[in-house]
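A short write-up of the structure that comes next.
The values are calculated or read from the model by the stated rules, or taken from the named source; none is laboratory data. Quick caveat, the model's predicted, so the values are computed rather than measured. In this analysis, Cβ positions are derived from the backbone assuming ideal geometry, glycine residues included, and neighbour counts consider all displayed protein chains.
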Amino acid sequence: MERLHTRVLLQWSAGALVTAVVLAAVAGVVASLDPVPVPVSPLAVAGVAFGIVFVLGVAYAVLRYRSWRYEVRADTLYIERGVLTRVETVVPYVRVQHVDSQRGPLERLLGLGTVVVYTAGSRGADVSIPGVAAERATALQERLRDLAIESEPTDAV
């Protein structure tokens, strides 16, 4: 089973940082609008909110990283993930429509990518593997594409 690249922790922690800043700003504004005087300054409320949300966000990122695994098997792509709810996904290559590789600005900065596998079926039937090293993401995309092509049924005439 393969694990995600450790730099994905930086990416997910950056998301926790942004969330913490936004929620701290909201908490500070709400504390300053309080009609009843509180002996705590709005800045202190914002600081506490930031600290709690950021620490919880980083802890969640670590737990999320530890739970993520994937494996390219002979006839399926197998993915395990989930912190509170464990999810095991098995994608047969015969169901794969196409495979993309995505790299946002932060991912490019960190040298990471996300491989997205689109499957036949209902709307939103896609599976993503985040936090893959950029060169590994390209190789994984090509390998999954090749396995999907190999698994296509041949028409017997």
Quick check on my filter: what residues within the range 129-153 are closer than 20 Å to Met1 by Cβ, part of a helix (DSSP H, G or I) and in contact with a Phe, Trp or Tyr (Cβ under 6 Å, 6 or more places away or on another chain)?
Leu147
Residue satisfying all of: in the range 101-128; farther than 19 Å from Arg81 by Cβ and either in the same structural domain as Gly15 (by TED's automatic domain parsing) or outside any helix (DSSP H, G or I) (or both); modelled with the lowest pLDDT among these:
Ser122
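Is it the case that the range 85-96 has a residue that's in contact with a helix residue (DSSP H, G or I) (Cβ under 6 Å, 6 or more places away or on another chain) and in a strand (DSSP E or B)? Break it down stepwise before answering.
From the range 85-96, those in contact with a helix residue (DSSP H, G or I) (Cβ under 6 Å, 6 or more places away or on another chain) are 93, 96; that's our starting set.
So of that shortlist, the ones also in a strand (DSSP E or B) come out as 96.
Yes, the conditions are met somewhere in the range 85-96.
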